[in-house]
Structure formats: structure tokens, C-alpha cells
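A short worksheet on the structure shown next.
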């Protein structure tokens with residue numbers, strides 16, 4: 001009897017516990033919703049997004065509904081709202097987010113967010129901080145908010161988009177793609193404020209990449225073809241101002257920060273074309289190797305001292321003009337780095353001066369840079385190699401060098417693209 005009574009109490013307790021669990025109310029909580037951008041012109045799109053949580057996993061999924069002050073509604077956690085072309089400039093459009101769970105329990109609060117309609121001539125580039133992804137086979141460009149990791153919108157283009165570049169002020173992004181069924185290609189100009197195409201320019205066959213001059217006046221587009229070219233477009237009129245022959249199947253393009261020079265990499269013949277922007281002429285062709293795909297951003301010229309610089313085993317023979325030494329240097333903390341293949345190098349040892357023009361260093365397959373040649377009657381060989389953490393090794397050999405009045409110690413100066421160092425060395429004089 002006692003055992004039956006205990007079992008009875010146990011069952012009652014279990015039923016009461018279960019009932020208590022089932023009786024607990026579910027709770028839907030909404031994180032503050034947001035609009036991106038917070039201002040927009042008539043006819044432009046705005047993305048509204050919000051997040052909610054539910055305490056009871058059995059009450060999922062959640063349903064999101066956006067109710068706008070203009071009387072329209074949209075369903076979804078993230079929605080793309082189009083501002084009416086007749087919306088009043090200066091007015092505010094409010095969006096109220098409602099979230100319900102699977103049992104139709106409504107969140108306790110329905111927070112709001114808004115977007116303000118502004119004049120169409122606004123110059124604020126509100127979308128230039130977004131990530132633009134070119135979807136080559138989908139003929140679309142996806143805009144992603146890096147903060148929320150959400151897809152904001154997808155733009156449809158008339159071709160397969162590939163390369164893109166921003167204007168220096170962030171107001172426009174330029175996207176290149178071949179035209180469907182046409183031998184020429186297109187550069188589309190997207191207004192980052194309205195997220196709309198504002199202009200288009202026709203370029204060569206198979207446009208691959210594009211770069212914009214720092215002043216925003218010119219666009220340089222590589223055309224991926226056997227007889228490769230670069231199309232120069234005036235961004236104000238969107239008309240072609242020049243077509244420059246370069247290597248076979250050009251791919252990457254980059255422009256120096258001062259806007260004077262463009263560099264174009266060609267995939268098939270492995271050349272790097274150096275273009276003078278003032279004349280739109282190729283001033284030099286550097287042979288690198290096949291299958292070049294791109295050119296990185298050209299480093300700005302700086303004047304940053306090395307954090308460490310020393311010279312070892314400096315040997316000098318003034319009689320026959322022989323000189324050799326080994327050196328280690330470390331770039332400074334504020335250095336932007338060096339690019340020996342496209343930057344000039346200057347070396348001074350006392351009255352001996354060696355100038356290696358930009359583009360003269362040859363990249364080796366194992367990561368070093370080598371220069372060999374005759375400079376003002378002097379035979380010179382230079383090897384530059386990255387060791388680790390901005391630390392470099394420099395070996396120099398010279399013959400028939402003009403070596404006279406060399407002091408002991410002697411001052412050694414090295415400058416690579418503005419990064420520089422000065423140190424004292426103690427040479428060993430040979431017969």
C-alpha cells in the first residue's frame with residue numbers, strides 16, 4: 001500500500017512538472033531593426049533587416065512582417081524596399097517590424113526604423129562601404145553589408161561582370177563585362193548612392209579589369225584578346241579617348257597614386273606594360289613570365305627610414321674597381337612595403353653611386369629579385385631577398401667601379417621606392 005501511494009505521488013509530481021513546463025509562455029524578442037541606407041532618393045532601394053529570438057525551440061520558425069508608413073507590407077527577415085518616385089523630399093518613411101512564432105504569439109514590442117527621402121543631387125556615397133561581388137555566370141552583382149554580413153541587394157547587368165574599381169571619392173563603382181552577342185564590351189558606372197547604373201561606355205572585346213585615375217577623370221580597361229589592348233575612357237563623357245596596344249591577353253591593371261603611370265599585366269606572353277598616362281604610350285615592356293593574372297595596388301612613394309640597417313664584409317679594391325658586400329635591413333613600423341620590381345633603387349657608398357631604374361629588377365622563381373648589367377661602364381650584380389617580417393638581405397658585387405677617396409668608416413645609403421636607411425661600414429681594402 002505504501003509503495004502504491006509513493007508511486008501515485010511520483011506520477012502526480014511528474015504530471016505537475018510537465019504541466020509546469022508546458023504552461024511556460026513563449027517569448028519572442030526583437031533586436032533593434034535597421035535600414036541601409038538611412039537616406040535615399042526617389043526611386044532608390046533601401047534594405048530593411050531585423051533579428052528576433054524565441055525562448056521555446058518548439059515554437060519555431062519565426063515569421064517576419066514589415067509594415068511601412070505608406071501602407072505597404074513585405075514579408076521576410078530582410079526586405080528590399082523601393083522608395084516611390086513620387087515620395088516627398090524631406091519626408092520620413094517608417095517601417096514597423098512584427099515577428100510571430102509558430103503558435104502565432106506576437107512579440108511584446110514592435111520596434112521601428114526609418115529612411116529619409118533626400119534630393120536626387122545628394123553627393124553622399126552611402127553604399128561605397130559595401131562589398132561588391134561580381135557573379136560572372138549569373139550576370140549579376142551582389143551588394144553585401146560587411147557589418148551585418150547580409151546580402152543587401154542584387155543588381156542585374158547585361159553581361160558577365162568581372163573586374164570592378166571605385167572612384168577615389170567613393171561615389172561611383174565601375175564594373176566591366178562583355179556584351180551579349182557583341183564583339184565589344186561595356187563599362188557600367190554605378191552610382192553608389194542610388195545603386196543604379198548612371199552611364200555606360202563601350203570598350204574593346206573581352207573587358208577584364210578596370211582602374212580609375214586618382215582624379216577620377218579616366219578609366220583604363222584591359223581587353224582580354226590575342227592582340228590585347230587597353231581602352232581609355234573619359235569618365236565625364238563616357239567616350240573612348242585612346243586605345244593602347246599591349247601584350248597578349250591583358251588581365252590586371254593598376255595606376256600609381258600620383259596618376260602618372262599605369263601598369264598592365266598580360267596573361268599569355270607574361271609581360272608587364274608600363275604606360276605613360278600623359279601620352280597614353282607604352283614606355284617600357286618588362287618580361288616577367290607567362291600566366292600573369294593581376295597587378296596589385298601600386299605602393300605610394302614614401303620616405304620611411306629602415307628600423308635596422310647594417311653592412312657586413314665590405315671589400316673594396318680601388319685599383320681594379322672591385323666592390324662587394326652583404327647587407328641586412330628591416331623596414332620601419334610605418335612602412336607601406338617595397339615593390340622592387342616596379343620601384344627605383346639607389347645605393348651610395350661614399351662617392352660610389354648606383355641607380356637601378358624602376359622595372360630593372362628581375363623576380364626569381366624562389367622569391368628573390370636580381371639585377372645584373374652595366375651602369376656607366378661599371379658591371380654590377382645585385383641580389384635582393386625577403387627573409388621574414390619585412391627583413392631583407394642585399395648582396396652587391398661591382399667591377400670596374402669608380403672607387404676613390406673612400407674613407408674608413410664609409411657612409412652607406414640605400415633607398416628603395418622611398419624606404420631608406422643610412423649606416424657606417426668599415427671596409428677591407430684589397431690590392
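For this structure, a couple of remarks:
- Alpha-carbon spread of the stretch 308-429, three principal axes, descending order, Å: 39, 27, 22
- Helical contribution to [θ] at 222 nm, DSSP H n ≥ 4, -39,500 (n - 2.57), averaged over the chain, rounded to 500: -2000 deg cm²/dmol
- Prolate/oblate/rounded call for the stretch 131-287, Cα gyration tensor, a/c under 1.5 rounded: prolate
- Each principal axis of the Cα cloud of the stretch 241-376 was evaluated for its coordinate range; sorted largest first, these ranges are 54, 36, 31 Å.
- Viscosity 0.692 mPa s, temperature 37 °C, Stokes-Einstein D of the stretch 28-117 from Kirkwood C-alpha radius, µm²/s: 243 µm²/s
- Computed from Cα atoms, the angle from the helix 2-23 axis to the main principal axis of the chain rounds to 70 degrees.
- Cβ crowding within 10 Å, taken as a proxy for footprinting-reagent exposure, orders 284, 149 from fewest neighbours to most as 149, 284.
- For the stretch 216-300, the Rg and Dmax computed from alpha carbons only, in angstrom: 12.0, 37
- Rounded if a/c under 1.5, otherwise prolate or oblate - the stretch 45-167, Cα gyration tensor axes: oblate
- This ranking places 329, 166 by how few other beta-carbon atoms lie within 10 Å of each, fewest first, which gives 166, 329.
- Packing-based exposure ordering (other Cβ within 10 Å, fewest first) of 164, 413: 413, 164
- The chain: Rg to Rh, with Rh as the Kirkwood radius over Cα pairs: 1.20
Each value in this text was obtained by applying a stated rule to the coordinates, not by laboratory testing. All values derive from a computational prediction rather than experimental measurement. So basically every Cβ, Gly included, is an ideal-geometry build from the backbone, and we count neighbours across all protein chains shown.
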